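Asks: Here it is: the structure, laid out below.
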Amino acid sequence: MSNIISYEERLKNFSWKAAEEELEYKEGNVINIGWYCSDRICNMGKADKTALIWENMAGVERKYSYNDLRLTTNTVGNFLRELGIKNEDRVCLFMDKIPELYIGLLGVLKIGAIAQPLFSAFGDESLFVRLDNAETTAVITQKKHAPKIRKIMNRLPNLKHLIIVDHDPAKPLGPGEVVLDLHTMPWVDELEIFPTKAESPSVLHYTSGTTGQPKGVKHVHYSLISQYLTTKWVLDIQDDDIYWCTADPGWVTGTSYGIIGGFATGATSCVMDVGFSADAWYKFIEKHKVTMWYSAPTAIRSLMKAGADVVKKYKLTSLRHLASVGEPLNSEAVVWSEKVFGKAFHDTYWQTETGSIMICNFPGMKIKPGSMGKPFPGIEACVLDTETFEPLTESGKIGLIGFKPGWPAMMRTYWRNEATYQNKFKNGWYLPGDRSSIDNEGYYWFVGRDDDVINTGGHLVSPFEVESALLENEMVAESAVVSKPDDINMEVVKAFVTLNPGFEGNKDTELIIMNFIRKKLSPLAMPQEIEFVPNLPKTRSGKIMRRILKAKEWGEEIGDTSTLEDD
Ligand code: WTA
């Protein structure tokens, strides 16, 4: 049962110390997320409690108790240490949503190494830039994904180990390849946990920006404080909850809440390694009696499309609380969920860089469908004037979201890119790069991003990355990548291309170019359409103006183009 304490009550005398005390952490002491997510729960007398329920496409189910989680993460930690992996070495986790991914990440953290999760659908070039930038020492992966790493390994001098979790013993291993098979090896009881401190690095997540290569967002072990508290207070996770976070740990929601939050609170987490289908999802909720469901607007819109009749086929009465993240949650989706599940999805807003939920519809708070809610207690937020970066006081006015730095899960820097990190601050505020307004009751209303990054189905795509892939094709002279509207994914990727002389823009050309970039990009970043144009709109200095192309796609006013920007 929920024992919700109101938002107003939570705001009173708020201090992050509340979480520190619950976690028995004192400033200056050791704090290790891997230990908190497994050993500590066992020490609390919950060793036999189910930590993880996992199910795949074939209906195979596996369960891990908190003691299993402790032992398997110890085993991973021990294995890595014996390989020579040291604290702060980067270890990439490149796997589907299999138990080894969840266990592997905590094992890496236990020895003080930095976990670098990467989405398993990435192509080899996307992988290369991220592993190259992080100077990653080891990659833990499945045999089905290993070929992508093998292909780039010789260009990555720092990458010493390719660790395969499901190697077929009949097959030979290549140079640098080793096997870590938790199904066949004995589990290790004792592991000396590395004494990480609050500021020791923990997770390195790559996120896309408008310009330049993806940036590595560096988090630290102290992030646990806000991840733990928001999991309890916003996702309302309690001891007896069966919690399903649908996000992939290749992205921040899948780690902050799909791994860390769920295990640190000692709840039972469920993972389904199956693509989307309304029937499969509802069946999963029914079978495992999911009580708390954290998902994303694109999935919710897909469920809406599947219709209310499918819902009726399943008994979903276990559901107690629903929340959403990643993109704007349209009011229709909130109203619909209330109608069909008897529970409204609670929107939450945050990003890779913030590490934990920043603005949310707190449990028990009045929901205004379409609004992101209010700042989490302890988060000082505002919207800022776009020129002066002073907080706007007038309600309803649109400005840039600003957060006062200092909450525990805030990123500490962009990996090897301190200058870009510093650029995210203006006038003492951290700017996540989104625009919003605040109404007269303090509710935030998302307006849009303040840059050209495309949010397709909750996944951020850098136009730069797609344009770079396109430009590598010999036919392509220039390209500009923007978003276009889409019913389910809210926005999808569209490319405008000019061709080199001698090439003709037709369906065959489109197909050849699509196949060419498919190898370089994640499926999520793939354009839905390539439009061939004779030329692209540019500033006087020659910079391509995506803004104009985007406005056309969205049927918006293009604005004044007589004085093209000069930068
Ligand atoms: C967008 C995902 C509207 C926003 C946790 C943000 C949202 C970016 C919401 C972060 C929301 C996230 N409403 N937009 N509730 N949540 N966004 O880094 O533009 O993958 O900056 O982190 O997604 O995406 P990221």
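Asks: Which GluC sites (Glu not before Pro) from the range 435-507 combine a DSSP loop assignment with at most 14 other Cβ atoms within 10 Å?
Replies: Loop-located and lightly packed - Glu441, Glu472, Glu474, Glu504.
Asks: Dimensions of the range 242-325 along principal axes (Cα, Å, largest first)?
Replies: Largest to smallest, the principal-axis extents are 36, 23, 20 Å.
Asks: Using DSSP to call loops (not H, G, I, E or B), can you name the GluC sites (Glu not before Pro) in the range 22-65 whose Cβ has at most 16 other Cβ atoms within 10 angstrom?
Replies: When the GluC sites (Glu not before Pro) of the range 22-65 are filtered for loop state and at most 16 Cβ neighbours within 10 Å, Glu24, Glu27 remain.
Asks: Hey, which lysines would be in cross-link range of Lys148, C-alpha to C-alpha under 17 Å, not counting anything within fewer than 8 residues on its own chain?
Replies: Lys160, Lys519, Lys520
Asks: Carbon-plus-sulfur fraction of the accessible area of the range 147-186, 1.4 Å probe, in percent?
Replies: For the range 147-186, the apolar C and S fraction of the accessible surface comes to 61 percent.
Asks: What is the distance, in nm, between label points placed 7 Å from the Cα along the Cα-to-Cβ direction at Val447 and at Arg150?
Replies: 5.2 nm
Asks: R0 = 56 Å: FRET efficiency of Thr420 with Lys339, Cβ-based, nearest 0.05?
Replies: Plugging the Cβ-Cβ distance into 1/(1 + (r/R0)^6) gives 0.80.
Asks: So between Ala308 and Glu557, what do we pick up on full extension, going 0.36 nm a residue minus the alpha carbon distance?
Replies: Roughly 86.0 nm would be gained on extension.
Asks: How much FRET efficiency would the formula 1/(1 + (r/R0)^6) give for Thr386 and Glu332, where r is the Cβ-Cβ distance and R0 is 51 Å, rounded to 0.05?
Replies: Here the calculated transfer efficiency is 0.95.
Asks: Next question. Compute the distribution of all C-alpha to C-alpha distances in the range 7-436, in bins of 20 Å from 0, and list the percent of pairs in each, rounded to whole numbers.
Replies: Percent of Cα pairs in each bin: 26, 59, 15, 0.
Asks: Using DSSP to call loops (not H, G, I, E or B), can you name the GluC sites (Glu not before Pro) in the range 165-230 whose Cβ has at most 14 other Cβ atoms within 10 angstrom?
Replies: Glu190, Glu192, Glu199
Asks: Here is a further query. What number results when the radius of gyration of the range 1-131, computed over Cα atoms, is divided by 2.2 N^0.38 Å?
Replies: 1.28
Asks: Would you kindly derive the ³J(HN,Hα) couplings of the range 355-360 from the backbone phi angles with the Karplus curve 6.51 cos²θ - 1.76 cosθ + 1.60 (θ = phi - 60°), listing them in order in whole Hz, with x for Gly and Pro?
Replies: Each residue of the range 355-360 in turn: x, 8, 4, 10, 10, 7 Hz.
Asks: On the principal axes of its Cα set, how long, how wide and how thick is the range 454-554? Give whole Å, largest value first.
Replies: 38, 33, 20
Asks: Next question, about the same structure. On the protein heavy atoms, probe 1.4 angstrom, tell me the percent of accessible surface of the range 454-554 carried by carbon and sulfur.
Replies: C and S atoms contribute 51 percent here.
Asks: Might you tell me the accessible area per residue for the chain, computed with a 1.4 Å probe and given in Å²?
Replies: That works out to 41 Å² per residue.
The values are calculated or read from the model by the stated rules, or taken from the named source; none is laboratory data. Quantities reported herein were computed from a predicted structural model and do not represent experimental measurements. All Cβ positions, glycine included, derive from the backbone under ideal geometry; neighbour counts span all protein chains shown. Just the protein is used for accessible areas: all its heavy atoms, side chains included, with ligands, DNA and RNA removed. Shrake-Rupley method; radii C 1.70, N 1.55, O 1.52, S 1.80 Å.
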